[in-house]
Amino acid sequence: MINANAEDRAAKAVRSSDKLLPSLGIILVTGGLLLLGWFAYLWFKPVPAPYQYQLVAEGDSQKFSKMDLSGWPELKLSQYKVQADGVAKPIAEFIVARQKDEAPVLIYWKNSTNEILYNFDRKPSELSTLAAAIAKHAPKDALILSWWDTSRQIKLLTGHDTLFTSHLNEPLMIPVPWLEQSEAIQAYERQFWGSKASQKEREQFKRFSEALTAPAEEGVKQLRELIGSDRETYVIVHVTDLYKAGLMHPDRIGVAFQNFPMTGNMHGMINQMKVQLKENDFDTYTLQSVADEEIRVFFLSDEKSSQTLLARMLPFVDKKAPTELDVAQLIYQQGGYWVYRLP
């Protein structure tokens with residue numbers, strides 16, 4: 001005889017088992033979907049940039065006297081350090097300036113490494129002197145045509161129209177180990193600088209860089225076509241534009257550079273440059289004063305590079321001086337900056 005209570009318990013066990021199996025299946029499927037979702041998240045999750053910009057100090061031109069911006073008391077200046085992952089000391093520092101709540105503009109960069117990193121160091125006084133001269137002498141309705149970073153600086157300090165107004169970040173100058181993280185770096189840069197560059201502006205900048213790396217006469221024609229009118233235009237180039245142009249168009253202009261410490265033995269330093277010229281079969285070179293104790297030498301690889309518009313606008317050893325350029329009129333020079341009136 002089977003006890004009635006025992007049968008009842010068995011029936012309940014069967015019914016519970018019937019409910020448990022579908023529930024278990026739902027849990028397993030849901031868990032699988034969640035696991036797949038997690039893997040998908042990890043797969044598509046943006047990789048962070050290998051560095052961060054950390055705010056160090058803020059103030060006006062009086063607080064940052066080394067920037068030589070006493071003529072712009074309304075500017076808000078911010079100093080940052082660049083902290084790379086796994087590196088104890090900052091790898092660079094920089095200063096940005098802005099008008100009220102506008103996007104920041106890079107006005108100073110100091111690289112503490114031996115790697116190519118984002119930008120080239122420049123003497124701050126050269127920019128402020130250039131801006132003051134443009135504000136004083138250039139017509140108010142004139143257009144300024146220059147590399148995007150110089151354009152933003154001139155726009156900020158003079159108010160003159162510039163063809164490029166966005167932080168384009170081209171070319172991206174980073175150490176080789178960071179190249180795999182280029183997308184993350186570009187995203188980080190766009191966010192920090194508030195860049196909202198249009199495709200049109202990027203295409204215009206590409207045309208600008210192509211014009212600079214074309215033969216001189218052809219390049220000037222391309223610049224005028226880029227503007228699309230006979231508007232009075234001033235072209236500003238800086239010696240560091242050479243390397244940037246070389247990265248964007250290595251088939252048009254070959255560029256290398258090396259830093260040298262400033263010593264009392266100028267003759268010996270020049271001999272070192274000549275040795276580099278001969279050993280690498282370079283065509284010519286030009287100099288940039290980085291600081292009182294350091295200079296940077298830019299080398300051009302061949303005669304074709306030396307005949308580009310950009311090279312002709314800068315002073316190179318054993319080449320025609322910028323004053324002899326007949327396709328554009330040299331009107332001003334300050335440090336590494338050279339200013340031309342476009343015909």
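The values are calculated or read from the model by the stated rules, or taken from the named source; none is laboratory data. This one's a predicted model, so the numbers in the text were calculated from it and none came from an experiment. When we count neighbours, we look across all protein chains shown, and the Cβ atoms used for this are built from the backbone with ideal geometry, even at glycine.
Results, tabulated for the structure shown:
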| item | result |
| --- | --- |
| Residue satisfying all of: in the stretch 103-121; touching a helix residue (DSSP H, G or I) at 6+ places or on another chain (Cβ under 8 Å) and closer than 24 Å to residue 159 by Cβ; surrounded by the most Cβ atoms within 10 Å (Cβ to Cβ) among these | 107 |
| Some residue of the stretch 67-81 being under 22 Å from the mean Cα position of the chain (by Cα), surrounded by fewer than 16 Cβ atoms within 10 Å (Cβ to Cβ) and assigned to a loop (DSSP other than H, G, I, E, B) | no |
| Identity of the residue in the stretch 76-93, free of Cβ contacts under 8 Å to residues at least 40 places away in the same chain and among the hydrophobic types (A, V, I, L, M, F, W, C), that ends up farthest from residue 51 (Cα to Cα) | 77 |
| Qualifying position, being surrounded by 15 or more Cβ atoms within 10 Å (Cβ to Cβ), small (Gly, Ala, Ser) and in a helix (DSSP H, G or I), among 209, 166, 182 | 209 |
| Enumeration of residues in the stretch 128-149 that are under 28 Å from residue 83 (Cα atoms) and part of a loop (DSSP other than H, G, I, E, B) | 147 |
| Pick from the stretch 150-163, criterion charged (D, E, K, R) and part of a helix (DSSP H, G or I), ranking: nearest to residue 71 (Cα to Cα) | 155 |
| Members of the stretch 266-315 found to be hydrophobic (A, V, I, L, M, F, W, C) and in contact (Cβ under 8 Å) with a residue 60 or more places away in the chain, listed by number | 290, 291, 309, 310, 311, 313, 314 |
| Entirely in the stretch 227-335, the helices (runs of 4 or more DSSP H) that have 1 or more residues that are among the aliphatic types (A, V, I, L, M) | 241-248, 266-279, 309-312 |
| Residue, modelled with the lowest pLDDT, within the stretch 122-149, restricted to residues that are crowded, with 20+ Cβ neighbours inside 10 Å and under 20 Å from residue 64 (Cβ atoms) | 122 |
| Residue check, residue 125 among the hydroxyl-bearing types (Ser, Thr, Tyr), part of a helix (DSSP H, G or I) and within 17 Å of the chain's Cα centre (by Cα) | no |
| First in the stretch 100-118 and over 16 Å from residue 79 (Cβ atoms), second anywhere and of a type in the set (Lys, Arg) and surrounded by 18 or more Cβ atoms within 10 Å (Cβ to Cβ), Cβ under 9 Å, 6 or more apart | 103/152 |
| Top-ranked residue of the stretch 97-109 - restricted to ones that are out of contact with any Phe, Trp or Tyr (no Cβ under 7 Å at 6 or more places or on another chain) and in a strand (DSSP E or B), ranked as nearest to residue 194 (Cα to Cα) | 105 |
